[in-house]
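A quick write-up on the structure given underneath.
The values are calculated or read from the model by the stated rules, or taken from the named source; none is laboratory data. From a predicted model like this one, the values you see are computed outputs, not experimental measurements. Here the Cβ positions follow ideal geometry from the backbone for every residue, glycine too, while neighbour counts run over all protein chains shown.
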Amino acid sequence: MFYSNIHERIRFVFLISLIILMAIIIKVFYIQVFSYKKLNTLAESLWSRELPIKADRGLILDRNGEVLATNITTVSLVVVPGQIDEPEKVAHDLSSILNTDYQDMLGHVTKSTSIERVHPEGRQLSYDIAEKINNLGYDGVYLLKESKRYYPYETVLSHVLGYVGIDNQGLSGLELYYDEYLTGADGAIKYFSDGKGNKLELTEVYEAPTSGITLKLTIDMRLQMAIENELDNALAKYNPEQALIMAMNPKTGEILAMASRPTFNNNEYQKSTTEVINRNLPIWMTYEPGSTFKIITLSAALEEKTINLFTDTFHDGGAINVDGATIHCWKAGGHGTQTMLEVVENSCNLGVNTGTHTNLKKML
């Protein structure tokens, strides 16, 4: 009896051990096969760091391939606080070179973060300043490539193209409207560090950025330059408050050229007022066609044969009441009795806009 109980206990312990072992095997299998990617990513995030590399924004071209908006290479300052041994000295030297406040710079280099971008004073640095920083040779101080938007024609087509912010995000014009296409995908340099942020002697991983999509316009820069010159001439001669020109292909609706005054330099949009940079007059402004629309009403009347230019007459007394509104002729006292042809020759407001309308109304 006693011998039998021992064997039963041994079998029970063996069974429990077998179940536990199987559970461990299943768990290890699950971790290795199903959870590997997730756990590996989490583990890597604890000791891998990324130095971002900004992507180039897509180009903007005219219909003939002329570059209207491009990019120039610049650099920006990034610090890794965990790799900086003497933060006070580093902050002092960097603030002296950048001509910024020492306490602000000390805050950057001692911040409890893996990577700190010095913004805005460390963005888009000139070659001379970047060289001075690079010559310091401090650990934890990095200069990263960035692209800066550049408009080679400066004030030409400024309202149409628009402009971008310091992070290359579209803020106005086509830059804003097509921002999701023009914006590329950023890359990075991946390196590895310990829990204190000290860089480990492991191979860095380079992930190349992807440039944005190139945008080709219907604009013809030869025609654009011509209307820009004409606007400048009109501005110099008549000194108007504003002026605009737009050229369109009437068969396709393509905009071949568009410009307005006042204008601004896209590369230095911060120097202009919001009233100037946000008003693309050919699109934003309402315009009363005036006498140019008289051709439309007259053409409609001739097309429907409701008037005869030579036999029909109209008496212009200087003013007429239409539905409670008084319409005046541009000539005081009016033109008197005229044929419809004379109405057109005299650009008579009442004759064209009232006489032709009345005849058309009779037809309807």
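Answer yes if at least one residue in segment 270-292 is touching a Pro at 6+ places or on another chain (Cβ under 9 Å), surrounded by 17 or more Cβ atoms within 10 Å (Cβ to Cβ) and in a strand (DSSP E or B), and no otherwise. So far as segment 270-292 goes, no, none of its residues is touching a Pro at 6+ places or on another chain (Cβ under 9 Å), surrounded by 17 or more Cβ atoms within 10 Å (Cβ to Cβ) and in a strand (DSSP E or B).
Rundown of residues vs (1) among the small types (Gly, Ala, Ser); (2) more than 30 Å from TYR150 (Cβ to Cβ), yes/no style:
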position	(1), (2)
THR73	no, no
SER76	yes, no
LEU94	no, no
SER114	yes, yes
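Please go through segment 297-319 and pick out each residue that is exposed (fewer than 14 other Cβ atoms within 10 Å of the Cβ), among the polar types (S, T, N, Q) and more than 13 Å from THR339 (Cβ to Cβ). Correct list: SER299 only. If the condition is being modelled with pLDDT of 90 or more and within 22 Å of the chain's Cα centre (by Cα), then segment 63-73 contributes ARG63, GLY65, GLU66, VAL67, LEU68, ALA69, THR70, ASN71, ILE72.
Candidates are the residues of segment 320-333 that are outside any loop (DSSP other than H, G, I, E, B) and in contact with a helix residue (DSSP H, G or I) (Cβ under 8 Å, 6 or more places away or on another chain); the one that is surrounded by the most Cβ atoms within 10 Å (Cβ to Cβ) is ILE320. From the list ILE296, ILE307, which one is over 30 Å from PRO262 (Cα atoms) and within 42 Å of the chain's Cα centre (by Cα)? The unique qualifying residue is ILE296.
Filtering segment 257-278 to residues that are modelled with pLDDT under 90 and not polar (S, T, N, Q) leaves only GLU275. Within segment 140-161, the set of residues being out of contact with any Lys or Arg (no Cβ under 8 Å at 6 or more places or on another chain) and more than 14 Å from THR73 (Cα to Cα) comprises GLY140, VAL141, TYR142, PRO152, TYR153, GLU154, THR155, VAL156, LEU157, SER158, VAL160, LEU161. Of the residues making up segment 99-120, those that are over 30 Å from GLY58 (Cα atoms) and of a type in the set (A, V, I, L, M) are MET105, LEU106, VAL109. Just to be sure before I move on: is GLU154 in the same structural domain as GLU180 (by TED's automatic domain parsing) and either more than 30 Å from MET246 (Cα to Cα) or of a type outside the set (D, E, K, R) (or both) in the structure I sent? No; evaluated as a whole, the condition is false for this residue. For first residues located in segment 294-316 and in the same structural domain as LEU341 (by TED's automatic domain parsing) and in contact (Cβ under 8 Å) with a residue 40 or more places away in the chain, partners that are among the hydrophobic types (A, V, I, L, M, F, W, C) and exposed (fewer than 14 other Cβ atoms within 10 Å of the Cβ) and lie 6+ apart or on another chain with Cβ distances below 7 Å form the pairs GLU304/MET363; THR306/MET363.
In segment 255-273 there is no residue matching the filter, namely being within 16 Å of LEU350 (Cβ to Cβ) and either outside the structural domain of GLN338 (by TED's automatic domain parsing) or of a type outside the set (Lys, Arg) (or both). If you go through segment 178-188 one residue at a time, do you hit one that is modelled with pLDDT under 85 and more than 30 Å from GLY58 (Cα to Cα)? Looking for residues that are modelled with pLDDT under 85 and more than 30 Å from GLY58 (Cα to Cα), one finds none in segment 178-188, hence no.
For segment 149-175, filtering for residues that are surrounded by fewer than 22 Cβ atoms within 10 Å (Cβ to Cβ), out of contact with any strand residue (DSSP E or B) (no Cβ under 9 Å at 6 or more places or on another chain) and either part of a helix (DSSP H, G or I) or polar (S, T, N, Q) (or both) leaves 2.
Checking each residue in segment 205-236 for being touching a Leu at 6+ places or on another chain (Cβ under 8 Å) and assigned to a strand (DSSP E or B) picks out LEU215, LYS216. Residues in segment 79-121 that are crowded, with 19+ Cβ neighbours inside 10 Å, under 32 Å from the mean Cα position of the chain (by Cα) and free of Cβ contacts under 8 Å to residues at least 24 places away in the same chain were compared, and the one that is farthest from ALA188 (Cα to Cα) is SER95.
For segment 80-94, which residues satisfy the criterion of being over 16 Å from ASN135 (Cβ atoms) and not charged (D, E, K, R)?
Within segment 80-94, VAL80, PRO81, GLY82, GLN83, ILE84, PRO87, ALA91 qualify.
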